[in-house]
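Read through the structure below, which is laid out as structure tokens, and then see the notes.
The values are calculated or read from the model by the stated rules, or taken from the named source; none is laboratory data. Please read all numbers here as calculations on a predicted model, not as lab measurements. For neighbour counting, all protein chains shown are included, and Cβ atoms are generated from backbone atoms with ideal geometry for every residue, glycine included. Areas reflect the complete protein model, heavy atoms only, side chains present, ligands, DNA and RNA absent. Shrake-Rupley method; radii C 1.70, N 1.55, O 1.52, S 1.80 Å.
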Amino acid sequence: MKNTYLQDYSHKRYNILTGEWVLVSPHRAKRPWQGQNEEITKDKRPSYDESCYLCATNKRINGELNPDYKDVFIFTNDFAALQKDSPKFNVNDGLFKAQSENGICKVICFSPDHSKSLADMEVLDIKKVVNAWQKEYVSIGEIDGINYVQIFENKGAVMGCSNPHPHGQIWSQSSLPNEVDKKNQQQLAYFKENNSSLLGDYLKQEQVAKERIIFENDDFLVLTPFWAIWPFEVMIAPKKSQKDITEMTENEALNFAEAISVITKAYDKLFNTSFPYSSGIHQAPTNGEKNDHWHWHMSFYPPLLRSATVKKFMVGYEMFGSPQRDITAEIAAFKLRELI
């Protein structure tokens, strides 16, 4: 589906997973930039930092000592956003509505090497992270009252990451978060009507179009979604329908690790910097239901727009209207594909 109008004229694109629209304004990419430029740190980090709360053998802020870990290390977040044992309550006072929310938050250190990011790690070491995600999804999801497990990473100070040590987080809770709830409803409605995976059918169409695919191996596609919001947004998704990451074989997990390695390396080459992003995995809830309508996927939302110092701001129209982007998904995919 090559449509030149999509590259030259303002239009809306529909996000099949959320049921929402994004405004695309390709002509605005030509405008000069006189706004804020971010400071990008070029300093080379040491492999061990004695002041880092996440480095092996160091003391965390709560006084506990980290073990002398050699690959992946997981612990309960010392400043968890969700409390495991908070009392259950409801507030239903006219238009004042609230309810308790319980959960568990964990930190996962990807490597003991303070200087590395996923882009610097070997594929086999990234696979160890993937395997740890799988185990945590199962063990946390089996806990009574935990109905969703959210795996994510914030990379870079511009994304609010408070510690540069390579790490991510796992938050779990009793209800479905807003974004997950939207995707749950959209996928379920499509599955009921078509008896097939919404995302799976979309991926088949992308394989025919070949405009937004950045990389693929036997089991995974790496692409810029047709409805992408962030300038260089990327999705990694399994070619065959799988409702969660535990359905991967060991070889599929290795190919997933390869996909992560390839795109994070390409990101770092794009603007010759350690590329900041927020990434996360959306997958089936752990609510005890079949959830056959789910097709899991991992998304990367990087904020950089034109260079290592120019950031995309979600302000003004984005806050009061809907998301908007200048560079099209097709151009973004082309630029990343050229770096692989």
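Split the accessible area of region 74-173 by element, probe 1.4 Å, and carbon with sulfur accounts for 53%.
Highest GNM mean-square fluctuation among Phe313, Phe73, Phe300, for the chain modelled with Cα contacts below 10 Å: Phe313.
In the context of the full set of protein chains, region 186-235 has a per residue accessible area of 42 Å² (1.4 Å probe).
Sequence-ordered 3J(HN,Hα) estimates for region 52-65 from the Karplus curve with 6.51, -1.76 and 1.60 and θ = phi - 60° stand at 7, 6, 9, 5, 4, 6, 7, 8, 7, 4, 8, x, 6, 8 Hz, glycine and proline given as x. From the cross-link list Lys182/Lys240; Lys240/Lys269; Lys59/Lys127; Lys127/Lys311, which pairs have alpha carbons spaced over 24 Å apart? Those over the limit are Lys240/Lys269; Lys59/Lys127; Lys127/Lys311. Sorted largest first, the spans of the alpha carbon positions of region 175-325 along the three principal axes are 45, 40, 31 Å. Backbone geometry of region 212-224 corresponds, through the Karplus equation with coefficients 6.51, -1.76 and 1.60 at θ = phi - 60°, to 3J(HN,Hα) couplings of 10, 6, 9, 7, 8, 10, 4, 10, 9, 10, 10, 8, 8 Hz, x marking Gly and Pro.
What the Cβ-Cβ distance of Asn178 and Lys335 gives, at R0 = 35 Å and to the nearest 0.05, is a FRET efficiency of 0.70.
Pairs of alpha carbons in region 92-179 separated by more than 20 Å make up 47% of all such pairs. 3J(HN,Hα) along region 67-76: x, 7, 6, 10, 9, 9, 10, 10, 8, 6 Hz, from the Karplus curve 6.51 cos²θ - 1.76 cosθ + 1.60 with θ = phi - 60°, whole Hz, x for Gly and Pro. Can you give me the Cα centroid spacing of region 293-340 and region 74-126 in angstrom? After rounding, the separation between the Cα centres reads 25 Å. Largest GNM mean-square fluctuation among Ile151, Ile61, Ile327, using the chain with Cα springs under 10 Å: Ile61. Taken along its principal axes, the alpha carbon cloud of region 163-248 reaches lengths of 41, 32, 28 Å, longest axis first. Mind checking which lysines have their C-alpha under 16 Å from Lys290, skipping anything on the same chain fewer than 8 residues away? Partners within reach: Lys183, Lys192, Lys243. Averaging Cα coordinates gives a centre for region 150-181 and one for region 248-270; these two points are 19 Å apart. Computed across the chain, the Kirkwood hydrodynamic radius from all distinct Cα-Cα pairs reaches 21.3 Å. Heavy-atom accessible area with a 1.4 Å probe sorts Ser51, Ser162, largest first, into Ser162, Ser51.
Taking +1 at the Cβ of each Lys and Arg and -1 at the Cβ of each Asp and Glu, which of Trp227, Ala81, Tyr5 sits farthest along the dipole of the chain towards its positive end, judged by Cα position relative to the Cα centre? Most positive-ward Cα: Tyr5. Taking the Cα centre of the chain as origin and assigning +1 to Lys and Arg Cβ atoms and -1 to Asp and Glu Cβ atoms, the resulting dipole is close to 1060 debye.
If you count the DSSP beta bridges with both ends in the chain, what percent of them are antiparallel, to the nearest 5?
Details: 47 of 50 bridges.
Taking every DSSP beta bridge with both residues in the chain, the antiparallel ones total about 95 percent.
Computed over neighbours whose Cβ is under 11 Å from that of Asn217, the net charge equals -4, Lys and Arg +1, Asp and Glu -1. Divided by 2.2 N^0.38 Å, where N counts the residues, the Cα radius of gyration of region 254-331 comes to 1.41.
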